[in-house]
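Please read the structure below before turning to the comments.
Please treat every number below as a calculation from the coordinates, not as lab data. On a predicted model such as this, the values are computed, not experimentally measured, just so you know. Please note: Cβ atoms are built from the backbone with ideal geometry, for glycine as well, and neighbour counts cover all protein chains shown.
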Amino acid sequence: MSATSLLAIQRTIREDPHNIGSRPSFNTVNHSGQLTSCEKIGLGDLFEAYIKIPGRSSKLPPILSELYKEFVGHIFNSWVSAQTTNLKPILPPRPSHQKRIEVGASQAGRSFDEMMHGSIFLTMDFDSRDGSFDWTWHNGDNIPITANIEYRLPRGVSKKDAMIMAIENYDNIERERITSHNRVQIISAARRRITKWAQAGSDLQAEVDNEDKLKDGDILPLVLASDMFIKTAREGADVAAALKTRRGER
């Protein structure tokens, strides 16, 4: 973040009027107004990380004062310093049902033979490490479907439409999943600091232990399937064009 932006963050925190001058040790902190100005500045690096969380949906420049209120609100949402805090949140594996979409059941107007097949599902396994995709069509009993897929799709829906739906479904869930995890990492670090400050009192001058700082890898990147699919498709198109040229084709 640029020096100008960092100064803007510090100014936003300093402009918060709801502070206390001092606080004795072993006092429970129930809300942000029970923190000193120094302690709030001691959360500045976490506020910066909060602003930069990957996957923020807004395309407009962030309004720092609003994000600061949001940040502080998350910290004290159903929490006070006397409560325990998750030391290191761990992102659980993505469950299989989040990789699957129901493309739709055969619609009225089709023959009885078509209607009896019921819904068709598409499971998309995406490996963000190498950008590979694996597509599996199956029925409601999870039995793979390998032939006549177009015949099983609802009217007006193509295989391409279904694949787009699967990619967008993955991205929507992944965006929320990674954003939520990163937010919890940041808020947990803030709560751990506040817990220690509350126990020590304001004389501690908002010291921050290394274990309460964000480390490399704590904030996870957001890798969208759509970005990787577009990248892979472009690379494939370039290779195909080069092969056609080598073969003398236009």
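Net length available on complete extension from Ser180 to Gln98 is 27.9 nm, with 0.36 nm assigned per residue and the Cα-Cα distance removed.
Computed on the chain, with alpha-carbon pairs under 8 angstrom and 6+ residues apart, the relative contact order is 25 percent. As a proxy for reagent exposure, ranking Tyr50, Tyr68, Tyr151 by other Cβ atoms within 10 Å from fewest up yields Tyr151, Tyr68, Tyr50.
Ranked by Cβ crowding within 10 angstrom, fewest neighbours first, how are Phe26, Phe133, Phe126 ordered?
Least crowded to most crowded, the residues run Phe26, Phe133, Phe126.
Once each part is reduced to its C-alpha centroid, what is the distance from region 175-250 to region 38-87 in angstrom? First find each Cα centre; the distance between them is then 16 Å.
Near Lys52, which aspartates and glutamates are there with a Cα under 16 Å away, not counting those fewer than 8 places off in the same chain? Cross-link targets: Glu66, Glu70, Glu176, Asp216, Asp218. With contributions of -39500 (n - 2.57) from each DSSP H run of at least four residues, the per-residue ellipticity at 222 nm computed over the chain stands at -14000 deg cm²/dmol. Legend: distances between Cα atoms for Lys88/Lys159; Lys88/Lys160; Lys69/Lys99; Lys40/Lys215; Lys99/Lys244; Lys88/Lys231; pairs beyond 30 Å are Lys88/Lys159; Lys88/Lys160; Lys69/Lys99; Lys99/Lys244; Lys88/Lys231.
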